[in-house]
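As structure tokens, the structure follows; a few thoughts come after it.
Every read-out reported here was derived from the displayed coordinates using simple, explicitly stated rules and does not represent laboratory data. Note that the coordinates shown come from a computational prediction; the quantities given were computed from them, not determined experimentally. Every residue, glycine as well, gets a Cβ built from its backbone with ideal geometry; the counts of neighbours run over all protein chains shown.
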Amino acid sequence: MQLKVLGSSSKGNCYLLDNGKEALAIECGISFKEVQKAVNFDVSRIKGAIVSHEHGDHAKHVENFIQAQIPVYMSTGTLHEVIKKFKRPYLSPLMMEAGCIVEIGNFRVQAFDTIHDAAEPFGFLIYHPECGMVLFATDTHYLHYTFAGLNNILIECNFRQDILDANVESGRLPSALRARTMKSHMEYETCKGTLLANDLSGVNNIVLIHLSDGNSNASEFRQGIMEETGKTIHIAESGMTLNFNKSPF
Ligand SMILES: [Zn+2]
Ligand SMILES: [Zn+2]
């Protein structure tokens, strides 16, 4: 299984878990043309998509996915927000509920609630025999839960408090944005604590996602979290492809 990062920032998010035969799209925040290119125009192998919440950087292109016959799953709250922007009212995403399992090809997806300034935001636990148990959590101030048996992790590491504070101090960032960021996105220390609260013994890759452009420091985040967890840490960047298997091989 490969993880393909098509976008991982407030400019647009989309990740593909793709083994060449079947693929799952996580987030629809990147133009569908880019998604087509990423699967060599073999769109039929994308068995489905899951969307965490309605913000444009995650959901802007949902309609194009559905038009391409890809089932797109999201919470009821997210769905109600997303369809407000649809140009074709006869198209609809599919609803999923927290705690229930949705089967998408050989992927099994279970949603859980996250903390964000959105209607009903979700994170996802994704299982596939090739990549094992994958945690996906973005745009969340905090995670209420810990997870057993993880093999790969994608987690938001949006900002660091001291960098954010310095940006407000210097006038680079309005203070209202500081408050919003702190309530809706995951801070570096929170990310570290969240990772350490989980059993990481079976984890092969930790991918830090959705870093803020101005309030983060990718190399320090990578180094610091590598030292604390002892794991392989990647910073998600558009165009990146990683081997994402259950075993390290
Ligand atoms: Zn976002
Ligand atoms: Zn958001």
Seminar exercise, completed: Per 5 angstrom bin, beginning at 0 and ending with the bin that holds the maximum distance, the Cα pairs of the range 2-240 fall in percents of 1, 7, 15, 19, 21, 17, 11, 6, 3, 1, 0
Problem set entry | lysines with Cα under 29 Å of LYS60, excluding same-chain neighbours fewer than 8 positions away | LYS4, LYS11, LYS21, LYS33, LYS37, LYS47, LYS84, LYS85, LYS87, LYS183
Problem set entry | Distance in nm between pseudo-label sites at LEU196 and ALA148 (7 Å out along the Cβ direction from Cα) | 2.4
For this session: Would you look at the GNM of the chain, springs on alpha carbons closer than 10 Å, and say which of ARG88, ARG222, ARG178 moves the most?
Result: ARG88
Exercise. Under a GNM of the chain (C-alpha, springs under 10 Å), which listed residue has the highest mean-square fluctuation: ALA176, ALA98, ALA68?
Worked result: ALA176
For this session: Provide the per-residue ³J(HN,Hα) series for the range 33-43, in order, calculated from phi with Karplus coefficients 6.51, -1.76, 1.60 and θ = phi - 60°, each as a whole number of Hz, with x at glycine and proline positions.
Result: 4, 5, 5, 4, 4, 5, 10, 6, 6, 8, 5
Seminar exercise, completed: Karplus ³J(HN,Hα) for the range 72-82 (6.51 cos²θ - 1.76 cosθ + 1.60, θ = phi - 60°; Hz, whole; x = Gly/Pro) runs 10, 9, 6, 5, 4, x, 5, 4, 4, 6, 5
Problem set entry | GNM flexibility winner over the chain from ILE206, ILE155, ILE101 (Cα, springs under 10 Å) | ILE101
Seminar exercise, completed: Restricting to Cα pairs under 8 Å and 6 or more apart, the percent relative contact order of the chain works out to 19
Seminar exercise, completed: With -39,500 (n - 2.57) per DSSP H segment of 4 or more residues and division by the full residue count of the chain, the 222 nm estimate, nearest 500 deg cm²/dmol, is -7000 deg cm²/dmol
Exercise. Once the Cβ-Cβ distance between ARG88 and ASN243 is put in as r, and R0 is 22 Å, what FRET efficiency do you end up with, to the nearest 0.05?
Worked result: 0.05
Problem set entry | Percent of beta bridges antiparallel (DSSP, the chain, rounded to nearest 5) | 55
Problem set entry | Amide H contacts of GLY132 (H built 1.01 Å from N, under 5 Å, at least 5 apart or other chain) | LYS246
For this session: Mind giving me the FRET efficiency for SER31 and THR76? R0 is 22 Å, r the Cβ-Cβ distance, nearest 0.05 is fine.
Result: 0.25
